[in-house]
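Report on the following structure.
The values are calculated or read from the model by the stated rules, or taken from the named source; none is laboratory data. In this text the structure is predicted, and so the values were computed from the model without any measurement. Cβ placement follows ideal geometry from the backbone for every residue including glycine, while neighbour counts extend to all protein chains displayed. Surface accessibility is based on the protein's heavy atoms, side chains included, excluding ligands, DNA and RNA. Shrake-Rupley method; radii C 1.70, N 1.55, O 1.52, S 1.80 Å.
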Amino acid sequence: MLDKLEKWIDEIPLEAASEQRFGNKAYRHFYEKLCQETPALLSPLLPPNLQDALPELTPYFTESFGNSTRIDYGSGHEANFLILLFCLQKLGVFSENENQVLVLRIFNKYLRVCRHLQTKFKMEPAGSRGVHALDDFQFAPFIFGSAQLIGSKTLVPDSYLKKTVVEAHAHQSLFLDCVNFINETKTGPFHEHSNQLWNISAVPHWKKVNSGMFKMYEGEVLKKFPVVQHMMFGSLFSFDRSEKTSEADVNSEDIPIMTQMPPRQPAQHGMFAFQIPSVANTSTVRTASVVESGDLRRLHAEKHPNEHCPPPMAEP
């Protein structure tokens with residue numbers, strides 16, 4: 001199914017770039033085709049007795065590949081694909097024994113389809129905070145990828161700052177694959193275009209990186225109203241409170257270590273509580289050379305007469 005989507009991307013011709021300011025409007029042809037074909041794409045995944053689940057699964061699938069109005073993509077769209085996989089597992093299409101397959105085969109393929117969309121149609125990051133975010137588009141592969149590396153003797157968090165190491169292991173590590181894609185699509189010093197990832201490289205081991213990623217995902221995605229306001233709830237993905245979330249059920253030993261630490265100091269990152277490397281604390285990170293994703297400062301200087309941009313961010 002995902003291979004078919006990737007074929008559609010190749011078949012859709014781009015529109016003239018001079019007629020658009022942001023993402024290429026040809027993306028809307030892809031999204032229109034996606035919405036039309038979704039029932040036919042999802043139906044073969046379900047046995048005959050589960051076909052009634054299609055109305056609930058459809059919005060999660062169509063929302064997994066970006067927004068056709070803004071021509072953007074972000075962690076909220078990624079979350080919809082995770083919800084789709086969760087619902088399919090809840091229906092029994094996948095079993096818990098296939099969790100590795102869901103991540104390393106299916107989600108990994110989804111990641112490549114999304115990258116194809118992002119690069120071909122020049123999609124905008126949805127709600128990205130530029131150099132302050134992990135990545136302009138994705139979040140979940142950093143969670144999965146850091147879990148995949150727990151216990152590694154040869155690759156430590158500091159390893160992904162070495163481009164040669166990243167290129168050598170990107171084919172077998174989700175985390176390094178994401179860093180490799182960043183290296184291929186961004187220019188300039190790593191500590192400028194991916195300051196958050198640069199900071200995290202100072203964490204001593206992958207287990208702490210992974211626990212910090214979970215906490216960060218909770219704070220930056222699941223607890224952000226602009227993200228979750230678009231999520232759909234039904235019988236499969238319910239809005240009901242989970243019985244496991246009461247404070248009485250939480251063991252203090254299960255709480256990630258960074259939540260037990262004192263309030264962060266000016267030279268620490270709050271989610272991971274470690275000292276920022278000295279090179280990342282230089283003035284270059286604080287100057288106007290570090291701009292929002294998509295070079296918003298330039299866009300503010302060249303406003304389109306029919307569009308209204310918010311005021312540019314104040315200098316830090």
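Expressed as a rounded percentage, what relative contact order does the range 127-229 have, with Cα pairs under 8 Å and six or more residues apart? Mind showing how you got there, number by number?
Values: 106 pairs, mean separation 36.2, N = 103.
It comes to 35 percent, rounded to a whole number.
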| remark: When the charge dipole of the range 1-147 is computed with +1 on Lys and Arg Cβ and -1 on Asp and Glu Cβ about the Cα centre, the Cα farthest towards its positive end, among Ser43, Ala16, Leu88, belongs to Ala16
| Using the per-residue mean of other Cβ atoms lying within 10 Å as a proxy for protection, in what order, highest first, do the peptides 145-152, 208-215, 30-37 fall? | 208-215, 145-152, 30-37
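In the range 127-229, carbon and sulfur make up what percent of the accessible area (probe 1.4 Å)?
On the way: 2630 of 4650 Å².
Ligands and nucleic acids excluded, carbon and sulfur give 57 percent.
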| Tell me, what is the per residue accessible area of the range 1-99 in Å², probe radius 1.4 Å? | 50 Å²
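Once you order the gyration tensor axes a ≥ b ≥ c over the Cα atoms, which shape class does the range 127-229 get: rounded for a/c under 1.5, otherwise prolate or oblate by comparing a/b with b/c?
Oblate, since a/c reaches 1.5 and b/c is not below a/b.
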| Integer Hz, Karplus 6.51/-1.76/1.60 couplings in order for the range 89-106, x for Gly and Pro | 5, 5, 7, x, 5, 10, 9, 5, 6, 9, 4, 5, 5, 4, 7, 7, 10, 6
| By per-residue mean of other Cβ atoms within 10 Å, what is the highest-first order of 46-59, 168-181? | 168-181, 46-59
| message | So for each of 77-90, 100-113 I average, over its residues, the number of other beta carbons within 10 Å; can you give me the resulting order with the highest mean first? | response | 77-90, 100-113
| request: Using only the Cα atoms of the range 49-88, build the gyration tensor, take square roots of its eigenvalues as a ≥ b ≥ c, and label the shape rounded, prolate or oblate: rounded if a/c is under 1.5, else prolate if a/b is larger than b/c, else oblate. | output: oblate
| From phi via Karplus (6.51, -1.76, 1.60), per-residue ³J(HN,Hα) for the range 163-177 in Hz, x at Gly/Pro | 4, 5, 5, 4, 5, 6, 10, 4, 6, 10, 9, 4, 5, 5, 5
| Given H placed 1.01 Å from N in the peptide plane, which residues other than close sequence neighbours of Glu124 have an amide H under 5 Å from its amide H? | Gly23, Asp72, Tyr73
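Pull out a ≥ b ≥ c, the square roots of the eigenvalues of the alpha-carbon gyration tensor of the range 36-172, then state rounded if a/c is under 1.5, prolate if not and a/b is larger than b/c, and oblate in the remaining case. Can you show the working numbers first?
Values: a/c = 2.52, a/b = 1.38, b/c = 1.82.
It comes out oblate by the Cα gyration axes.
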